[in-house]
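K.L.:
Mind looking over this structure? Questions follow.
Just so it is clear, none of the values below were taken in a lab; they were calculated from the coordinates. Predicted model, so just to flag it, every value in this text is computed and none were measured. Using ideal geometry, Cβ is built from the backbone for each residue, glycine included, and neighbour counts are taken over all protein chains shown.
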Number of protein chains: 2
Amino acid sequence: MTEKLSGAALDAALAPLRDNGWAVVEGREAIHKTFTFANFVEAFGFMSRAAIWAEKLNHHPEWSNVYKTVEVTLATHDVDGLSDLDVKLAKKMDDLAG
Amino acid sequence: MTEKLSGAALDAALAPLRDNGWAVVEGREAIHKTFTFANFVEAFGFMSRAAIWAEKLNHHPEWSNVYKTVEVTLATHDVDGLSDLDVKLAKKMDDLAG
């Protein structure tokens with residue numbers, strides 16, 4: 001069962017993500033990051049890799065793409081906030097973009 | 001050279017797109033459509049096919065995806081409005097989603 005992260009557990013989970021450019025969305029228990037690539041092919045290549053992982057994790061991002069930029073927002077609807085799934089997918093996306 | 005569509009040419013180009021669910025964005029010379037699929041794999045499969053066409057046409061969408069929904073906005077920055085490229089990509093997307 002997916003559990004909502006809060007308090008010290010949430011702070012601990014967020015610290016390394018903040019270091020990698022993730023930020024909590026204002027007014028919402030969600031995290032956001034802007035990924036920028038060299039061009040559209042690189043940006044969509046990242047999305048393709050991330051999409052496969054999202055499906056594997058059965059946890060899907062809210063995301064948008066304009067040419068070489070990909071905006072990603074992660075949250076866990078089932079817990080109306082953030083869970084380990086968001087942390088896992090955020091880290092995976094950082095790896096894939098790296 | 002890409003030319004901006006306006007007047008009667010724009011109206012003629014937009015008519016069949018409107019019939020397929022495209023609408024002009026309020027306050028902006030751009031068109032928008034919401035595509036809805038059975039699930040994430042179908043939605044991202046559509047995006048993958050459309051991405052390859054966008055790159056082939058060298059004309060890229062502004063688009064977002066949340067699970068089975070894909071929101072697409074098309075405009076031509078070079079002409080600060082709509083051009084044949086938007087009409088072409090919109091029709092191609094309709095074909096790919098069909």
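K.L.:
Given the condition within 14 Å of chain B (Cβ to nearest Cβ), of a type in the set (A, V, I, L, M, F, W, C), in contact with a Pro (Cβ under 7 Å, 6 or more places away or on another chain) and closer than 23 Å to B:Gly45 by Cα, answer yes or no: does some residue in the range A:60-75 qualify?
P.N.:
To start, the set of residues in the range A:60-75 that are within 14 Å of chain B (Cβ to nearest Cβ) comprises A:60-75.
Within this subset, residues satisfying the condition of being of a type in the set (A, V, I, L, M, F, W, C) are A:63, A:66, A:70, A:72, A:74-75.
After this cut, where a residue has to be in contact with a Pro (Cβ under 7 Å, 6 or more places away or on another chain) as well, the list is A:72, A:74.
If we keep only those that are closer than 23 Å to B:Gly45 by Cα as well, we get A:72, A:74.
The answer is yes; a qualifying residue exists.
K.L.:
To continue, here is another question. Among A:Lys91, A:Lys56, which is the only one that is of a type in the set (Lys, Arg), away from chain B (no Cβ under 13 Å) and more than 30 Å from B:Thr76 (Cα to Cα)?
P.N.:
Only one candidate qualifies: A:Lys91.
K.L.:
Any idea which residue in the range A:41-60 is nearest to A:Asp84 (Cα to Cα), counting only those that are crowded, with 16+ Cβ neighbours inside 10 Å and in contact with a helix residue (DSSP H, G or I) (Cβ under 6 Å, 6 or more places away or on another chain)?
P.N.:
Of all residues in the range A:41-60, those crowded, with 16+ Cβ neighbours inside 10 Å come to A:43-44, A:46-47, A:50-51, A:53-54, A:59-60.
Checking the rest, the ones that are also in contact with a helix residue (DSSP H, G or I) (Cβ under 6 Å, 6 or more places away or on another chain) come to A:44, A:46, A:50-51, A:53, A:59-60.
Numbers: A:Phe44: 25, A:Phe46: 22, A:Ala50: 17, A:Ala51: 18, A:Trp53: 15, A:His59: 11, A:His60: 13 Å.
The residue in question is A:His59.
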